[in-house]
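To keep things clear, I will list the structure first and then write my remarks on it.
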Amino acid sequence: DSITVQDPGGGNPSTQAANLLKKIRGQRQVTVSVQGIGSTESANWVSGSANLIAAKASMAAAGVTHVSIMLGTNDAIHGPFSSAVYQTNMLSLVNDLVGAGYTVILNYSPYCEPGSAGSVTTTEAMCDALQGYQTVIDGICNGTTILQGDKLAYRYFAEFQSESTDGIHPNATGGASLALLWATAIDRALNPAPAGTGGRLFINRTFSGV
């Protein structure tokens, strides 16, 4: 959605996260293909949707191997839609990507501050919906083809609301913070540290952000 693709200053969070992934361990080649579309919700990305078909074509051309997804903010704003509806849509999206050979990484959506955000009035019900979607994400992740990404963005932006422009979208500082949260979580998901070690190095990953 717009949180993943909007450039608040310094580049969009997806591109910033990719740049950080190159640096975390060194000797890592990372290419990013940003496929997010502003104002979209999970229903706009189900299997067979025009958005997903176009994204998969672009990702195939870029040699993408891993797809990092953060969807849910607009499900909460436009509905809020139930966790059951969100789960159905996300399973359709994720299963399509896994079937096409991608490894999927799922991230929690940031906190939405109740109040006015431009033309949108955010509510406590939206916050409740976002927290329900977190449970859905936890249940979808399987540790192999569907990995757990960032789980801290909601709590982080609830505490540091000054890093948002309107209670929903990050400002330049918030964009950098979100990118760091994503990069750290993705690195951890792809490099689980065996007991007594510092982790394993991987190279030549190509990511897409939705």
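The table for this structure:
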item	result
Helices (runs of 4 or more DSSP H) (entirely within the range 1-103) containing at least 2 residues that are open to solvent by less than 20 Å² (accessible area, probe 1.4 Å) and within 23 Å of Asp166 (Cβ to Cβ)	2-5, 13-24, 73-78
In the range 104-119, the residues that are part of a loop (DSSP other than H, G, I, E, B), in contact (Cβ under 8 Å) with a residue 12 or more places away in the chain and farther than 20 Å from Gly36 by Cα	Glu113, Pro114, Gly118
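The values are calculated or read from the model by the stated rules, or taken from the named source; none is laboratory data. Keep in mind that what you see is a predicted model, and the values were worked out from it rather than measured. Using ideal geometry, Cβ is built from the backbone for each residue, glycine included, and neighbour counts are taken over all protein chains shown. Surface accessibility is based on the protein's heavy atoms, side chains included, excluding ligands, DNA and RNA. Shrake-Rupley method; radii C 1.70, N 1.55, O 1.52, S 1.80 Å.
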